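To start, the structure under review is shown below, and the notes come after it.
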Amino acid sequence: MPMATLDLARIRSEFPALAGGTVFLDNAGGSQVLGRVADRVRDYLLHDNVQLGASYRASQQAGERVLSARRAIADLVHAAHDDEIVMGPSTTALIGTLVEAIRPGLQPGDEVIVTETDHEANIGAWVRLAEAGVTVRVWRVDVDRLGLHLDDLDPLIGPRTKWVAMTQASNVLGSINPVAEVARRVHAAGARLCVDAVAYAPHRLVDVQACGADAVVFSFYKVFGPHYALLWVRRELLLTLASLNHFFIGREVIPYKLQRGNVNYELSYGCAGIVDYLTEVGTELGAVGDARARMQKAFDAFAQHEDALAEQVLSWLRDRPGVRIIGLSSAATGARVPTISFVAAGLMSEAIVRRVDAHGIGIRFGDFYARRLIEALGLQVHGGVVRISIAHYNTADEIGRLLVALDEAMA
Ligand SMILES: Cc1ncc(COP(=O)(O)O)c(C=O)c1O
């Protein structure tokens, strides 16, 4: 069956900021927000802003709204139970929370594995476990093949390995990692897997069950929503973790034991608008079935469109003398998301980006907090990479404008 194509005018009308003229190609830094998400936040604040848990009607109604949003978000990631969803301010904060809750269960001499390609959000909190006597091992980047390789993981896993922390897609290399296979190897050793899905979630439908991980985290501001984030933890594991909340909120009180104070009600409610949008787009593309089947259809169309745009950029970069693509050089295999990094001989990345700024096009330079990766690849000499990160609402025309600007900036 031929793939249904996106109606880009219709898609773009959902994102009010896109009407402003700026070409947004720093989407891996932060995506544009759906109008309907902002509307929901406003609606909640103006009509339901009461404390939850009281017996009066308005409190009951507000509680039901926040709970229904959690159910929708659980569906977005395919959680088996909505009480597996811990909401919080950011991925960095939620991974910190997870590690803090895990820490009392670890012994000196236990081991955790982090990767050299992750954003620091999924490294630092694990590295700090060394203060508790935990040994931290590092899954190194293959500097020639520019990625993580399973052969390099196997020797790191041992009888004391308790957790492996990795990214589902690199926010610099763009490559999608084989997390289900990693989960299989990690579980065979009796250990657990924590996955950072921040760079993956805007481009593929997250499936916490299929990916095999024990914990998955991402931030909504990369997925068409506000600065807010979710941590999913497999229920039987979540129940064993320490409570970080008040003494009378026990281990069994999930997810509240890991949500200190109140969650942000209005943002929780707002984020369900992402699910509505994805479901609606999938339906318009001809999907039938439940909400996940419809969302899957939307993401299939996103991936097809994004791959075409990514290939437009990558083929230009491949043909350009002196350019080195930092990641897979083709989008054809479906092995990458459209987050494309490169460096150019004799040029600082900042100089290229500042010249592109003048065209009203937002791209970005730096290490993107994957500092260990940039250092391992020796890219500090360029001041980090230039990163172009595409979302499904970008157009071929916008990419054309970018390539004209880059041509001028790199002349
Ligand atoms: C792959 C990845 N992980 C984690 C983060 C951190 O997310 P947050 O800002 O919500 O802590 C980012 C932010 O850029 C990211 O790209």
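Quick note: the coordinates plus some simple rules give every number you see, no bench work behind them. Since the structure is predicted, the reported quantities are computational estimates derived from the model, not experimental observations. All Cβ positions, even for glycine, are placed from backbone atoms using ideal geometry, and neighbour counts span all protein chains on display.
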With L129 itself left out, Lys, Arg at +1 and Asp, Glu at -1 over residues whose Cβ is under 11 Å from its Cβ give -1
Final fewest-first order of F218, F15 on the 10 Å Cβ neighbour count is F15, F218
Test of understanding: ordering C211, C271 by Cβ neighbours within 10 Å, fewest first, what list do you get? C211, C271
In nm², what is the average projected area of the convex hull enclosing the Cα atoms of segment 21-113? 10.2
I want the antiparallel fraction of DSSP beta bridges within the chain, as a percent rounded to 5. 50
Largest-first ellipsoid semi-axes for the chain, taking √(5λ) over the Cα gyration tensor eigenvalues, angstrom: 34, 29, 18
Sorted on mean Cβ neighbours within 10 Å (highest first), peptides 226-232, 123-129 come out as 226-232, 123-129
Packing-based exposure ordering (other Cβ within 10 Å, fewest first) of V66, V143: V143, V66
Sorted from largest down, what three extents in whole angstroms do the Cα atoms of segment 1-69 have along their principal axes? 50, 35, 20
Once amide H atoms are placed 1.01 Å from N in the peptide plane, what residues at a sequence separation of 5 or more from T167, or on another chain, have their amide H within under 5 Å of its amide H? D196
Would you mind checking which residues have amide H under 5 Å from R364's amide H? H placed 1.01 Å from N; only 5 or more apart, or other chain. R387
Rounded to the nearest 500 deg cm²/dmol, what is the calculated helix-only ellipticity per residue at 222 nm for the chain, with -39500 (n - 2.57) per DSSP H run of length n ≥ 4? -11000 deg cm²/dmol
Using a Gaussian network model of the chain whose springs link C-alpha atoms within less than 10 Å, name the residue from D151, D214, D300 with the highest mean-square fluctuation. D151
How big is D, in µm² s⁻¹, for segment 38-274 by Stokes-Einstein at 20 °C and 1.002 mPa s if Rh is the Kirkwood radius over C-alpha pairs? 116
